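One structure below.
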Amino acid sequence: MNIGAAGTFVIQQPITLAGLRAELSRWLPFECEITICRGSEVARLVSRDPFANERGGPQVVRFVRVLSRKPLSEPALPMRLPASGRWLVKLLARHERFVVGLYRRHMRVIGYLGALDRLFGVPGTTRNWSTILAITKALAERRV
């Protein structure tokens, strides 16, 4: 099941991680980093309700950065980017391979999100919190 427009899939058939990675690679006409996580990992993150104490608004987006593997470096969190002035990206916490944060709707945000690979030492992909909730809903519907 495809969720959203950024290549987020919920696989409903039993398959090994290696088998899934090989199958996805076979269908892609280019090389890329493939980030895979188990539904149980996503469900555990959602159950923590990582944004419970954060106020949003129309110009603030809640997001999750899914790291491709365990990070090589662990920066102190919370962190604001840029470090001085009005923040554009606020990293709140890391839960296993998930980094949760907020960003303001601004053209410079994409550069800060791209810099997270260097900050954590491993590639990752960013998804809106609403996409993470949609994944959780799809997983729950599958169990019914």
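Please treat every number below as a calculation from the coordinates, not as lab data. All values reported here derive from a predicted model rather than from experimental measurement. Using ideal geometry, Cβ is built from the backbone for each residue, glycine included, and neighbour counts are taken over all protein chains shown.
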Open item on the list: Name the residue that is nearest to ILE110 (Cα to Cα), counting only residues in segment 55-68 that are surrounded by 13 or more Cβ atoms within 10 Å (Cβ to Cβ) and charged (D, E, K, R).
Closed with: ARG65
TODO: Scan segment 81-113 residue by residue and report those that are more than 16 Å from ILE132 (Cβ to Cβ), of a type in the set (Gly, Ala, Ser) and within 17 Å of the chain's Cα centre (by Cα).
DONE: GLY111
Task: segment 98-114 - residue that is free of Cβ contacts under 8 Å to residues at least 40 places away in the same chain and closer than 17 Å to GLY85 by Cα and, of those, surrounded by the most Cβ atoms within 10 Å (Cβ to Cβ) - done: TYR112
Task: Residue in segment 127-139 that is over 26 Å from VAL10 (Cβ atoms), surrounded by 11 or more Cβ atoms within 10 Å (Cβ to Cβ), touching a strand residue (DSSP E or B) at 6+ places or on another chain (Cβ under 8 Å) and not acidic (Asp, Glu) present - done: no
Open item on the list: Quick check on this structure: which one of ALA52, ALA43, ALA18, ALA93 is surrounded by fewer than 16 Cβ atoms within 10 Å (Cβ to Cβ) and touching a Ser or Thr at 6+ places or on another chain (Cβ under 8 Å)?
Closed with: ALA43
TODO: Being among the charged types (D, E, K, R), over 12 Å from the mean Cα position of the chain (by Cα) and within 21 Å of ILE34 (Cα to Cα) is the filter here, so list the residues in segment 118-144 that pass it.
DONE: ARG118
Open item on the list: Among the numbered criteria (1) touching a Lys or Arg at 6+ places or on another chain (Cβ under 7 Å); (2) under 28 Å from GLU31 (Cβ atoms), which one does PRO78 miss?
Closed with: (2)
Open item on the list: Checking the condition free of Cβ contacts under 8 Å to residues at least 60 places away in the same chain and more than 22 Å from ASP117 (Cβ to Cβ), which residue from PRO78, PRO58, PRO71, PRO50 passes?
Closed with: PRO58
TODO: Could you check GLU23 against (1) acidic (Asp, Glu); (2) touching a strand residue (DSSP E or B) at 6+ places or on another chain (Cβ under 7 Å); (3) over 26 Å from TYR112 (Cβ atoms) and say which number it fails?
DONE: (2)
